[in-house]
Amino acid sequence: MKKQEKIIVVGAGLCGSLLGLRLAQLGYTVTMIERRPDLRKVEQTAGRSINLALSNRGFAALEIAGMKEVALEIGIPMYGRMLHDPQGETYLSPYSGRENMSIFSTSRTHLNQLLLEAADKEENTTLIFDHTCTEIDFDNRIITIEDNNTGKKETISADYIFGTDGAGSVIRENMFEQGLMDYHDFQKLSHGYKELHFPPLSGDQYAIEKNALHIWPRKDFMLIALPNPGGSFTVTLFLAHEGAVNSFEALDGPDKIEAFFKENFADAFEIMPNLQDLFETNPTSILGTMKCSPWLAKDRVLIMGDAAHAMVPFYGQGMNAAFEDVLVFDNVLVQCDGNLEKAFAMFEEKRHADAASICELSLDNFKEMQADTADPDFLRKRQIEMELEGSDSVAYYSKYSLVTFREDLTYSNALRRGRAQDQAILSLLKEGALTEEMTVQEKYDLIEERTLVLLQDLK
Ligand SMILES: Cc1cc2nc3c(=O)[nH]c(=O)nc-3n(C[C@H](O)[C@H](O)[C@H](O)COP(=O)(O)OP(=O)(O)OC[C@H]3O[C@@H](n4cnc5c(N)ncnc54)[C@H](O)[C@@H]3O)c2cc1C
């Protein structure tokens with residue numbers, strides 16, 4: 001049913017395009033403003049996370065807009081982390097002990113294109129590309145947009161405005177500058193990233209296992225690779241920005257780059273014919289965590305997705321969380337009987353703690369992916385968790401599974417339980433209390449008992 005309210009969505013990236021689509025489906029008149037040219041018509045520039053891991057929370061949000069199936073069609077399932085040690089040996093650490101649990105390597109551009117296409121088909125949407133929002137008048141809900149080609153400025157007004165303009169959000173920065181935010185903090189990570197590439201072998205053959213997320217964990221840095229359709233992989237090097245060794249600063253010439261890759265990622269080096277070109281051409285980008293509040297200004301302007309809670313990418317949840325924002329907003333709107341002003345106020349109440357939790361978990365996983373994945377205690381813990389998850393007689397979910405596969409739980413609950421379980425297993429292992437002879441049920445009971453005690457202490 002057509003609604004009276006006019007809504008502007010600033011930023012038609014992943015979050016904004018899904019949000020715009022959903023709001024249009026609900027009957028609102030939606031204008032979407034996007035800084036980049038129309039993705040459906042131009043080629044993507046290289047070097048900006050070409051593929052992303054899409055998982056249950058993202059799918060649940062896509063489903064309400066009828067986009068789950070099309071997203072599944074373009075994704076490549078990854079069933080676990082394939083760990084590459086310095087000698088070139090590989091070890092598959094499944095994401096779950098349950099069969100067929102996977103996350104999906106998905107092209108950012110393709111998914112965004114599909115969402116824009118669907119939004120464009122709704123009769124009550126207007127999509128404006130190649131225009132940058134430069135200013136916002138919060139009292140009157142008027143934005144200024146600038147045509148990127150001509151520099152011409154114009155203003156547009158609406159009843160409600162969403163800022164889904166990503167980590168560098170202009171809407172958020174305007175809120176902060178105009179004194180509408182109490183708290184605003186970007187914590188830059190010591191490490192940055194650079195995108196690289198494994199081309200297909202002959203035809204569209206994959207040089208390494210297709211259905212896995214590959215990791216070369218090396219304590220202070222790591223390389224990861226996610227599969228693309230057609231046999232290639234998008235490869236990302238995470239490395240400290242500064243430092244005399246093992247840093248982007250230190251890799252200041254082709255010889256040093258080659259020596260660094262040969263020493264640390266010899267098997268990957270063999271399948272990277274364009275390493276030097278890509279290293280030089282692709283940018284070194286920063287990573288960080290954005291914490292700010294409130295997300296709501298003057299009752300009718302709300303930020304979402306990375307604009308509100310950009311996080312480091314080590315749980316593969318930034319996009320999933322941004323999509324889940326749309327789902328949470330949708331639920332809140334129902335709870336508020338379609339009253340947008342009430343929903344705007346309630347959204348942040350419902351979502352803030354969860355966003356903070358996934359930001360924290362993502363930082364935790366930075367350490368885990370670099371180092372602990374190769375650590376014997378970590379491997380032993382994973383083994384036990386796989387055994388428990390693989391058994392029908394107990395209902396166990398590891399922290400990773402709680403975050404990734406249990407979209408029915410909030411991030412905050414996944415964090416609390418997941419951390420308590422981790423602590424329980426590691427302490428029981430240290431005490432020698434978990435032995436090979438024990439049955440799955442006995443192990444589960446012992447872990448659950450310790451977890452509940454730890455959860456009590458956390459209250
Ligand atoms: C290396 C890396 C790997 C990642 N891997 C994963 C992963 O595996 N899984 C996962 O879930 N997440 C991952 N993420 C996180 C994910 O990319 C982000 O969380 C997600 O893109 C957030 O979506 P968004 O729509 O909020 O922001 P964005 O995708 O950044 O979209 C913002 C949009 O707003 C537009 N815009 C910006 N400013 C303006 C303006 N002033 N006016 C108009 N338009 C504007 C931009 O052009 C863009 O289209 C990764 C991130 C990085 C950096």
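The values are calculated or read from the model by the stated rules, or taken from the named source; none is laboratory data. A quick note: this is a predicted structure, and the numbers were derived from the prediction, not measured. Cβ: placed from backbone, ideal geometry, glycine included. Neighbour counts: every protein chain shown. What goes into the accessible areas is simple: the full protein's heavy atoms, side chains included, and nothing from ligands, DNA or RNA. Shrake-Rupley method; radii C 1.70, N 1.55, O 1.52, S 1.80 Å.
Residue-by-condition table, conditions (1) touching a strand residue (DSSP E or B) at 6+ places or on another chain (Cβ under 6 Å); (2) polar (S, T, N, Q):
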| site | (1), (2) |
| --- | --- |
| L39 | no, no |
| V42 | no, no |
| E63 | no, no |
| Y95 | yes, no |
| S102 | yes, yes |
E195 passes all but one of the listed conditions (1) in contact with a Ser or Thr (Cβ under 6 Å, 6 or more places away or on another chain); (2) more than 12 Å from the ligand (Cβ to nearest atom); the exception is number (2)
When L127 is evaluated against the numbered criteria (1) closer than 15 Å to K298 by Cα; (2) surrounded by 17 or more Cβ atoms within 10 Å (Cβ to Cβ), which criterion, by number, is the only one it fails?
(1)
Enumerate the pairs (first residue in region 271-289 and open to solvent by 30 Å² or more (accessible area, probe 1.4 Å); second residue anywhere and assigned to a loop (DSSP other than H, G, I, E, B)) with beta-carbon separation below 6 Å, excluding pairs fewer than 6 apart on the same chain, so at least 6 apart or on different chains.
I271/A207; P283/G47; T284/F248
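Looking at region 301-314, which of its residues are in a loop (DSSP other than H, G, I, E, B) and either surrounded by fewer than 20 Cβ atoms within 10 Å (Cβ to Cβ) or of a type in the set (A, V, I, L, M, F, W, C) (or both)? Give the derivation first.
Looking only at region 301-314, we keep the residues that are in a loop (DSSP other than H, G, I, E, B), and these are 304-305, 310-312.
Those that are in a loop (DSSP other than H, G, I, E, B) and either surrounded by fewer than 20 Cβ atoms within 10 Å (Cβ to Cβ) or of a type in the set (A, V, I, L, M, F, W, C) (or both): M304, A310, M311, V312.
Go through D422, D408 for me and flag whichever is under 22 Å from A353 (Cα atoms), of a type outside the set (A, V, I, L, M) and loosely packed, with under 14 Cβ neighbours inside 10 Å. Working first, answer last.
Working: D422 fails: loosely packed, with under 14 Cβ neighbours inside 10 Å.
Checking each option against the conditions leaves just D408.
Any idea which residue in region 52-80 is nearest to Q25 (Cα to Cα), counting only those that are charged (D, E, K, R) and surrounded by fewer than 17 Cβ atoms within 10 Å (Cβ to Cβ)? Walk me through it before giving the result.
Start the filter on region 52-80 by keeping residues that are charged (D, E, K, R), which leaves 57, 63, 68-69, 73.
Among the residues that remain, those that are also surrounded by fewer than 17 Cβ atoms within 10 Å (Cβ to Cβ) are: 63, 68-69, 73.
On the way: E63: 13, K68: 15, E69: 17, E73: 22 Å.
Filtering region 52-80 for residues that are charged (D, E, K, R) and surrounded by fewer than 17 Cβ atoms within 10 Å (Cβ to Cβ), the one nearest to Q25 (Cα to Cα) comes out as E63.
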Could you list, in sequence order, all residues of region 232-242 that are within 17 Å of N211 (Cβ to Cβ) and crowded, with 21+ Cβ neighbours inside 10 Å?
F233, T234, V235
Sole miss for P229 among (1) closer than 25 Å to P376 by Cα; (2) within 22 Å of the chain's Cα centre (by Cα); (3) open to solvent by 40 Å² or more (accessible area, probe 1.4 Å) is condition (1)
